[in-house]
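Student: Handing you a structure now.
The values are calculated or read from the model by the stated rules, or taken from the named source; none is laboratory data. On a predicted model such as this, the values are computed, not experimentally measured, just so you know. So basically every Cβ, Gly included, is an ideal-geometry build from the backbone, and we count neighbours across all protein chains shown.
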Amino acid sequence: MAKYSSSIPNGLITLDAESETPLYRQLYDSLRKAILTGQLAPGTRLQSSREIAKELNVSRNTVVNAFEQLLAEGYLEGQVGSGTYVSRALPEDLLNVKTLARSCTRAGGKGPGLSERGKVFAAFATSVPRAPERVRAFQSGVPALDSFPFETWSKLASRHWRRPVNSLLGYGEPQGHGPLRRAIASYLGVARAVRCKPEQVIVVDGAQMAFDLIARVLLDPGDAAWMEEPGYPGARAALITSGARLVHVPVDAEGLDVAAGAGLDAQARLIYVTPSHQFPLGMTMSLPRRLALLEWASRAGAWVMEDDFDSEYRYEGRPIASLQGLDNDGRVVYIGTFSKFLFPSLRLGYIVAPPALVDAFISARAMVGRHSPSVEQAILTDFIEEGHFGRHIRRMRTLYAERQLLLIEALKKECGGLLEVEPSAAGIQLVAWLPEGLDDREVAREAAARGVEARPMSIFYAGKQPRGGLELGYAAFNKQEIRKGAAQLSAAIRSCVEMKRRETRRRAS
């Protein structure tokens with residue numbers, strides 16, 4: 001190896017003994033920067049650790065620690081009996097070569113093409129939700145993180161991590177942690193009138209994985225699937241990417257219109273529905289409509305995918321019983337998630353499958369991801385079995401009812417006649433309707449520019465929506481955040497109204 005300078009140029013390294021950053025880290029940063037900028041060229045032989053320590057007036061261990069980190073990351077390389085050198089092939093160079101190669105393949109079109117299903121996935125690339133850097137009003141689907149019992153959760157986590165059992169550190173059961181499945185089955189029987197045994201519960205990484213698994217297992221490409229109109233985009237995407245042919249069935253005051261669905265396509269193989277709290281409009285499916293849906297599914301040999309995403313948060317009367325609890329023919333596949341009740345990053349949900357489908361779902365679960373994180377499942381089990389989950393739900397039900405009223409009051413005060421909003425009997429979000437003719441996508445973009453998240457209702461419709469509106473979450477925000485967000489949203493709407501007026505005048509002239 002060629003040898004260049006054996007000394008470090010003057011002024012290349014500056015160390016600050018008063019800094020909170022350890023000296024070895026300061027030395028590491030200085031040397032790495034010098035290597036990347038070319039001040040220390042590839043092949044340069046460095047002084048010995050003793051010489052550098054003496055020159056910088058630091059301990060030899062400080063230099064050794066910095067060298068070891070640079071050696072481990074590939075910036076330096078050592079030769080026995082010769083010394084330490086700047087590497088000729090730096091880590092960044094290797095990464096850049098790979099990136100360039102991938103870019104050239106895409107640009108030149110020489111790589112193999114996407115499959116038909118891959119093309120469908122690629123078409124959804126721009127609509128995949130991106131999480132904002134921070135939770136801000138009025139982001140939907142986020143619970144009250146400021147009121148979560150983190151101290152209790154951390155104690156349960158410490159219990160398992162202090163002396164973890166081997167069974168939680170190895171490969172887990174694809175179906176899920178046995179005690180957690182028992183806890184879920186017990187809870188659902190009491191709280192949601194779901195009729196199931198632990199053997200029917202399959203633990204998944206949230207509702208989106210459940211949608212994907214159900215579509216994979218129950219649908220062939222080209223099969224018809226009923227989808228609520230308007231409906232949840234995540235479920236719609238899972239059905240489309242599975243190759244299903246979507247039939248958009250309207251909802252009315254009683255929920256999914258079964259007669260309309262039968263008229264649109266009587267050969268549907270699967271029906272997606274949110275009966276306890278329709279998403280996003282919020283109505284509850286009536287008992288006659290539920291019975292009609294189950295009767296039609298049984299007669300047609302169709303499966304029903306029941307998405308029960310937030311029905312525990314009900315503010316008028318008792319929670320509505322599940323559709324699955326009325327099913328006597330084994331047609332309903334029930335989906336639940338803990339994201340709306342605990343915190344979204346937990347990524348734990350579940351499928352309750354009819355007995356005839358259990359084995360297929362377990363195998364599919366194993367194929368897409370061996371199992372959900374075992375320790376988190378054990379922590380959640382304790383959280384449920386020791387009563388913390390039930391208490392948390394009861395506290396949040398009271399808190400969310402208060403925050404919903406705060407949001408309605410703030411919107412009426414700030415937005416005046418620019419928004420129509422009414423209380424919702426359940427859930428953690430509201431629909432606010434805009435004045436006729438106002439584009440909800442433009443309002444959403446203007447609100448985002450002012451620091452407010454407000455999803456346009458148009459994203460929930462496959463066809464033409466009757467009127468522009470906004471979906472507004474309220475669970476995660478305190479009084480000050482709600483009031484500030486309402487003021488910012490009001491400014492955004494007024495700006496869009498003024499722009500529309502100017503455009504109208506311009507066209508008239």
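Student: Return the only residue of A244, A235, A224 being under 19 Å from A353 (Cα atoms) and crowded, with 18+ Cβ neighbours inside 10 Å.
Tutor: Only one candidate qualifies: A235.
Student: Continuing with the same structure: Do we find a residue being under 21 Å from P143 (Cβ atoms), among the small types (G, A, S) and in contact with a Ser or Thr (Cβ under 6 Å, 6 or more places away or on another chain) anywhere in segment 482-493?
Tutor: no
Student: As an exercise: evaluate A353 against (1) buried (at least 21 other Cβ atoms within 10 Å of the Cβ); (2) at pLDDT 95 or above; (3) within 25 Å of V142 (Cα to Cα) and give the number of the one condition it does not meet.
Tutor: (3)
Student: Considering only segment 432-450, how many residues are in contact (Cβ under 8 Å) with a residue 12 or more places away in the chain, assigned to a helix (DSSP H, G or I) and of a type in the set (A, V, I, L, M, F, W, C)?
Tutor: Total meeting the criteria: 4.
Student: Answer yes or no as to whether F361 is surrounded by 16 or more Cβ atoms within 10 Å (Cβ to Cβ), among the hydrophobic types (A, V, I, L, M, F, W, C) and part of a loop (DSSP other than H, G, I, E, B).
Tutor: No; evaluated as a whole, the condition is false for this residue.
Student: Could you give me the residue pairs with C-beta distances under 6 Å whose first residue belongs to segment 416-427 and is at negative phi, whose second residue is assigned to a strand (DSSP E or B) wherever it lies, and which are 6+ apart or on separate chains?
Tutor: Hits for this filter: L419/A432; E420/W433; V421/L430; V421/A432; S424/L430; A426/R314.
Student: Among E422, E409, which is under 14 Å from K479 (Cβ atoms) and either surrounded by fewer than 20 Cβ atoms within 10 Å (Cβ to Cβ) or in contact with a helix residue (DSSP H, G or I) (Cβ under 8 Å, 6 or more places away or on another chain) (or both)?
Tutor: E409
Student: Let me ask something additional. Mind listing whichever residues of segment 21-70 are within 13 Å of L90 (Cβ to Cβ), part of a helix (DSSP H, G or I) and out of contact with any Lys or Arg (no Cβ under 7 Å at 6 or more places or on another chain)?
Tutor: Passing the criteria: L31, R32, K33, A34, I35, L36.
Student: Let me ask something else. If a residue has to be surrounded by fewer than 21 Cβ atoms within 10 Å (Cβ to Cβ), touching an Asp or Glu at 6+ places or on another chain (Cβ under 8 Å) and not in a helix (DSSP H, G or I) to count, how many in segment 469-509 make the cut?
Tutor: The total comes to 1.
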